[in-house]
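In what follows, a single structure is set out as structure tokens and then discussed.
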Amino acid sequence: MLLAVCAFASAASMRLCDPLLPVLAQEFDTTLSAAAATTTGFALAYGSTQLFFGPLGDRVGRLRVIVVAIAIAAASSVACAIAPSLSLLITGRVATGAFAAAAIPLSLGWIGDNVRFEDRQPILARYLIGQMLGMTTGQVGGGVLADLVGWRFAFWVIALLFAGAAVMLYRSMRQPAAAADAPSSSVAATQPPAGFIRQSLGLATDRWALIVIGTVTLEGILLFGAVALVPSYLQRVFETSPSVAGTVSALFGLGGMFYAMNARRLITRLGPAGLSRSGGFLFAAAMLVLILQPAWQPAIFATLLAGLGYYMLHNTLQTQATQLSPAARGAAIAWFATGLWLGQGVGVSMAAAVAQRHGFLLVFGASALGLVALGLGFGQALAARAREQARQRQAPA
């Protein structure tokens, strides 16, 4: 639960500036694109530090790194709240993104260290509730706070969230009954981890690692390019207000929460391979609703459905990522997270270019077909891997 609180703060900070851009542009007498650097700077810093925190967590302990990193993120958020100029606000946002990046991948690694693989997927699904609530709260709450008490108060709230999470996690670590967080605490790691380059070379020669990291990269490209354009599609095609379009888009996280609350039941009924296949089909169905709808209201259902389908597939990928290299789990999770972030960046840029030239429907249609193929392909790979592992267990010693 404490790690979920850290994820909540990290995800809320990530989306906080989305509704604040017009306010910031007016406050600092600048353009909307200049104000958008508060979002892009955060994202670039967040994505570029993943490969740093993973190996660091392997060596000195994941929880220790999370506590220090989110404490610095709290201080950076205070700097944002008192920033007298846009350039200093952007600097604070870059620093916040760089240190907030530690929370989620290192939490996934810690769960991989301390939870049996058979029980891991529903635990990860429950942990994801914090991240999903954070994304939704940051996207909606930032605008509400700006309207009620001013945009600076939103950064004070985020700073308090980071600071509170750091204090609670630190106190939990000091309790005698708490799980150890030494570098060797991994259930499979009995030797000090090798250097990051050696770990990465090992992952590069592991066929299953390449499949998992490649799949999550394609997921980022195919899925987030379409999801990022849903608000623009609603505003341009159906002339909705920005607040309506943003709220509908935020429902994506609620679809993921529905999955998290029913994860154990779905995992038992469908299995990892079935979740992967079903997730791809559900996301494709959501895209078809967007393409065929005669008004904006069905987009509410489509966004919820898209969130459900995404988290069914992504939670399966996350669970597999936590088992890629038990002796160097931080490095494996770091490459997994980097693949997802690179995929998102490429996907949004590609989707925006295609939508500008050929329209939104081509983007949604291509995303639907791509996610179906990706879900089916990864489901097939999971099923084949499970059969191979079963044969190995049954083979005589």
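List of remarks:
- Scanning the range 41-72 for residues that are part of a helix (DSSP H, G or I) and among the small types (Gly, Ala, Ser) turns up 41, 43, 45, 47, 48, 54, 57, 69, 71.
- Check on residue 299, surrounded by fewer than 16 Cβ atoms within 10 Å (Cβ to Cβ) and closer than 23 Å to residue 139 by Cα: no
- Filter result (more than 24 Å from residue 349 (Cβ to Cβ) and without any contact (Cβ under 8 Å) to a residue 12 or more places away in the chain) within the range 362-387: 384, 387
- Exclusive hit being over 22 Å from residue 132 (Cα atoms), at pLDDT 90 or above and not in a helix (DSSP H, G or I), set 83, 75, 79: 83
- Of all residues in the range 11-40, those satisfying the criterion of being outside any helix (DSSP H, G or I) and either buried (at least 20 other Cβ atoms within 10 Å of the Cβ) or of a type in the set (Val, Ile, Thr) (or both) are 16, 17, 30, 31.
- Qualifying residue in the range 259-272 (condition: crowded, with 16+ Cβ neighbours inside 10 Å and either of a type in the set (Phe, Trp, Tyr) or more than 15 Å from residue 309 (Cα to Cα) (or both)): yes
- Against the list (1) touching a residue at least 40 places away in the same chain (Cβ under 8 Å); (2) surrounded by fewer than 24 Cβ atoms within 10 Å (Cβ to Cβ); (3) over 25 Å from residue 108 (Cβ atoms), the condition residue 359 fails is (1).
- As a summary of the residue check, residue 199 satisfies the conditions (1) under 25 Å from residue 97 (Cβ atoms); (2) at pLDDT 80 or above except for the one numbered (2).
- Within the range 362-397, considering residues that are part of a helix (DSSP H, G or I), exposed (fewer than 12 other Cβ atoms within 10 Å of the Cβ) and of a type in the set (A, V, I, L, M, F, W, C), the one modelled with the lowest pLDDT: 390
- Meets criteria (out of contact with any strand residue (DSSP E or B) (no Cβ under 9 Å at 6 or more places or on another chain), buried (at least 22 other Cβ atoms within 10 Å of the Cβ) and at pLDDT below 90) for residue 1: no
- From the list 109, 97, the lone residue that is crowded, with 24+ Cβ neighbours inside 10 Å, touching a residue at least 40 places away in the same chain (Cβ under 8 Å) and farther than 18 Å from residue 134 by Cα is 109.
The values are calculated or read from the model by the stated rules, or taken from the named source; none is laboratory data. Model, not experiment: these values are computed from the prediction. Don't worry about glycine lacking a Cβ; one is built from the backbone with ideal geometry, like all the others, and counts go over all protein chains shown.
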